[in-house]
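Asker: Mind having a look at this structure? Questions to follow.
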Amino acid sequence: MKSKSILIIDDELDICMLLKNYFKNKNNNVFFAVTLDEGIKKFNQYKPDLLIIDHNLPDGNGIDNIHSFKDSNLSLYVIVISAMSNLKSLALENGADYFMEKPISFSKLNALLTQNTPH
């Protein structure tokens, strides 16, 4: 897998750290934010190839903001993660490339990243 720039936006610090460590071990540049506002700032600063975003954030929700992220980077690949499986169609309708229900399956995530994300 070619090195990617990845931004994780999730209000659960444990999930951010788990994903950050996972992707860093695969030689990616990884950044994270625990609020939507912080995530937007880091998105603009680091211009990631991949955005992994939770739906429920303390200052907004991820799904409502997918289009603005994608408008800033047309090749951005977006994965929405949420414990609420009923959000899958809403996430995809709003521009997400993939929806993953929590708890996160690292084997699915790895397969998805090696096959579908920009290289």
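The values are calculated or read from the model by the stated rules, or taken from the named source; none is laboratory data. For clarity, every value in this text was computed on a predicted model and none was experimentally measured. A quick note on method: Cβ atoms are made from the backbone with ideal geometry, for glycine too, and the neighbour counts reach across all protein chains shown. Ligands, DNA and RNA are excluded from the accessible area calculation, which covers all protein heavy atoms including side chains. Shrake-Rupley method; radii C 1.70, N 1.55, O 1.52, S 1.80 Å.
Asker: Looking only at segment 76-113, count how many residues are part of a helix (DSSP H, G or I), touching a helix residue (DSSP H, G or I) at 6+ places or on another chain (Cβ under 8 Å) and modelled with pLDDT of 95 or more.
Answerer: Matching residues across segment 76-113 total 3.
Asker: Filter segment 74-119 down to residues that are under 16 Å from Asp64 (Cβ atoms), over 12 Å from the mean Cα position of the chain (by Cα) and among the aromatic types (Phe, Trp, Tyr), then give me how many there are.
Answerer: Here the count works out to 0.
Asker: Which ranges mark the helices (runs of 4 or more DSSP H) fully within segment 1-73 that have 2 or more residues being open to solvent by 40 Å² or more (accessible area, probe 1.4 Å), in contact with a Phe, Trp or Tyr (Cβ under 9 Å, 6 or more places away or on another chain) and modelled with pLDDT of 95 or more?
Answerer: 13-24, 36-46
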